[in-house]
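Peer 1: Sharing a structure with you now.
Computed from the coordinates by the stated procedures, all read-outs in this text should not be read as laboratory data. Just so it is clear, the model here is predicted, and its values are computed rather than measured. Cβ coordinates were reconstructed from backbone atoms using ideal geometry, including for glycine residues, and neighbour counts include every protein chain displayed.
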């Protein structure tokens, strides 16, 4: 241990704030879409884009028109949520649901998300098209994104507004995140 008696094992990963550099400015901004998340000035902190996801299918027991279904997404590493994308599809398309396009597919369900602490990113469930983007037009959070610490959970509420009928309806949600990775699991 190089004679350093101050080293010790860490029981938990560092928080977002602890990943900042020791410089005058511990974080700097770099654009990610127009959203500009904070990047640590600590050269030992790495970044990786990861897409977390969840969703609902009309064959799920809790798929009920006009009733919210709850899904949870667990985060193992501290990250910044940059954008939320979603899509509603029907692989056996027939009738009105078969005409879903990228412009109107997010009009057929409500969306909301809530952090582990009870902090709500959307204060109430809203038509997904107002807060959820698509692959072609990402639903950016804006500012520096939304901070999520390691071990935290986002509760996702999805309220279908369209009956499935004899077909299978699928709603997928993708959370585009910038993960922060510390260099080690011990401190000096």
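Peer 1: What residue among 45, 24, 73 shows peak mean-square fluctuation when the chain is described by a Gaussian network model with Cα springs under 10 Å?
Peer 2: 24
Peer 1: Counting other beta carbons within 10 Å of each residue's own, what order do 105, 13, 51 fall into, fewest first?
Peer 2: On the way: 105 21, 13 17, 51 10.
In order of increasing Cβ crowding within 10 Å: 51, 13, 105.
Peer 1: Once the piece of chain linking residue 137 and residue 41 is laid out straight, how much longer is it, given 0.36 nm per residue of separation minus the C-alpha distance between them?
Peer 2: Answer, rounded to one decimal: 31.6 nm.
Peer 1: What is the spin-label model distance, in nm, from residue 29 to residue 164 if the labels are put 7 Å beyond Cα along the C-beta direction?
Peer 2: 4.3 nm
Peer 1: What FRET efficiency comes out for the pair residue 15/residue 103, r = Cβ-Cβ distance, R0 = 35 Å, nearest 0.05?
Peer 2: 0.30
Peer 1: Something else about it: Under the Kirkwood approximation for Rh and a Cα-based Rg, what ratio Rg/Rh is obtained for the chain?
Peer 2: We get a ratio of 1.08 for the chain.
Peer 1: Let me ask something additional. Label 7 Å along Cα→Cβ of residue 123; the range 159-183 residues with amide nitrogen under 19 Å?
Peer 2: So the set is empty, nothing qualifies.
Peer 1: Take residue 68, project a point 7 Å from its Cα along the Cβ direction, then tell me which residues of the range 110-135 have their backbone nitrogen under 15 Å from it.
Peer 2: 110-128
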